[in-house]
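Here is the structure we will look at, set down as structure tokens.
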Amino acid sequence: MRITKTFVDHVLPSPRKPNGKRTQSFYRDSTIPGFALRVTTHGAKSFIVEKRIGNKVKRITLGRYGNLTVEQAKKEAMKVLGKVASGRDPIAEKKQARLEVISLGDTFDDYLKTRKDLKTGTVHDYTRSINWACQDWLNKPLTGISKDMVEMRHRDLGKRSHARANNAMRVLRALFNHARNKYDDAQGNPIILVNPVDHLSRNRAWYKIERRQTLIKPHQLRDWYEATLQLNNITTRDYLHLLLFTGLRRSEAARLEWSEVDFKDRTVTLLETKNHCIHTLPLSPFLEELLQRRFEERTSPFVFPTNAECGHLTEPRTAVERVADLSGVPFTLHDLRRTFITIAESLDIPGYALKRLLNHKDPNDVTAGYIISSVERLRGPMNQIAAFIVSHIEVPEATRNESPNDAEPWYLKEAANG
């Protein structure tokens, strides 16, 4: 048959199979061998070319009827058939051309879709880092970013911040590794043979970042705590207190939900953690009182809600700066975790208990794998740490939950009782 405009206009949709499944019908042109019309059950009509390439018969879609006229489709078919006759592979060439123009932005989007295990905060940090460092490269083909360009960009970013420059390059390295593992040409060879960011390691060009050693010292705890009480936002204040009294990572604490708080067992269980290990902590009396109060006034599934899109509190930078100004104690949220750890170590908390409190996992520690400890074993150390903090911040009488007849403060009793 000859494929003409009249024929295409009148051809009927492909019938369904008896079981209801969709089918496709093919009508092959008698004047141009390999040229055909494909019609679906829904009536969509597309022009194709079928030809043996190598050892396989391959089907190449030219375009839909409506986007292409019959005459335009025949001209495109002749071009494709001419390439095949000369030994070329139009499918491979089309794929290669598409791969060569994959941009950094396309790769980043694909990376985020592929890495379903990335937490919301991580995606936010990666996006901010890439936009800060490579905004002008997002539309640039990935194959057009060289090692020299990466080295120069890293050097320029380092003039503003060594740490952020390193972090941005680590994200960029992950994107190139993703592309190298996923994007292959028609012959199955990766389009990215060498990760240009690896050049920084070979040249020892990474900036050396000294590990932060800052924390809130015992004699600073009272000023810091009193400054937090002056915050207008109670949610932010309670969030800072929770970080200090648990040593939790900032994102883990921010994502805490009421379903993870068990007042009967006096525990909190975090299901999403950095090392993907479920983390259960006992509640000290200070934290139990804080959470009970928040629970009675809850308006959200999150312990620390916000009106933002994610539903929970994000890093309260303004509040951190205000507390630092009021108290004269500069700090970061991670400093609160470091303070908790330092206090625990100073109280001679056993090493394995300290690891459990911090949810640290050492894959090389074989002994730790044999130790199965109950959360109740952590209650004594947790109360001991809380008692130390409370004794230095001097919590007001109303929040100590003491009886007037008690000669000994509740937090010292809890620490003693373990």
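Computed from the coordinates by the stated procedures, all read-outs in this text should not be read as laboratory data. Bear in mind the structure is a predicted one, so any value in this text is a computation, not a measurement. Note: ideal-geometry Cβ built from the backbone for every residue, glycine included; neighbour counts use all protein chains shown.
The slack between K147 and W258, meaning 0.36 nm per residue of separation minus the straight C-alpha distance, is 35.1 nm. FRET efficiency for the W206 to T69 pair, using the beta carbon distance and R₀ = 60 Å, is estimated at 0.55. Going from the fewest other Cβ atoms within 10 Å to the most, the residues K21, K79 appear in the order K21, K79.
Rounded to the nearest 20 Debye, what is the dipole magnitude of the stretch 156-299 about its Cα centre when Lys and Arg each give +1 and Asp and Glu each give -1 at the C-beta?
Using Cβ point charges on Lys, Arg, Asp and Glu, the stretch 156-299 gives about 860 debye.
Pairs exceeding a 23 Å alpha-carbon distance, out of K5/K74; K116/K182; K119/K159: K119/K159. Candidates Q135, P90, F295 compared by Cα position along the dipole of the chain: farthest toward the positive end lies P90, with charges placed on Cβ. Relative to the longest principal axis of the Cα atoms of the chain, the long axis of helix 379-393 lies at roughly 70 degrees.
Working note: 222 nm ellipticity from helices only, DSSP H runs with n ≥ 4, each -39,500 (n - 2.57), summed and divided by the residues of the chain, gives -14000 deg cm²/dmol to the nearest 500.
In a fully extended conformation the segment linking C310 and S346 would gain 9.2 nm over its present Cα-Cα distance, using 0.36 nm per residue.
Projected label points at H360 and D325, each 7 Å from Cα along the beta carbon direction, are separated by 3.6 nanometres.
Charging the Cβ of each Asp and Glu at -1 and of each Lys and Arg at +1, and nothing else, the dipole of the chain about its Cα centre rounds to 3500 debye.
Rg/Rh for the chain stands at 1.17; both radii use Cα atoms, and Rh follows the Kirkwood definition.
Taken along the Cα-to-beta-carbon direction at a fixed 7 Å, the label points for V101 and M78 span 2.5 nm.
Here the label points at F7 and H42, each 7 Å from Cα along the C-beta direction, are separated by 2.6 nm in the simple model.
Note: relative contact order over the stretch 5-88, using C-alpha pairs below 8 Å and six or more positions apart, is 20 percent.
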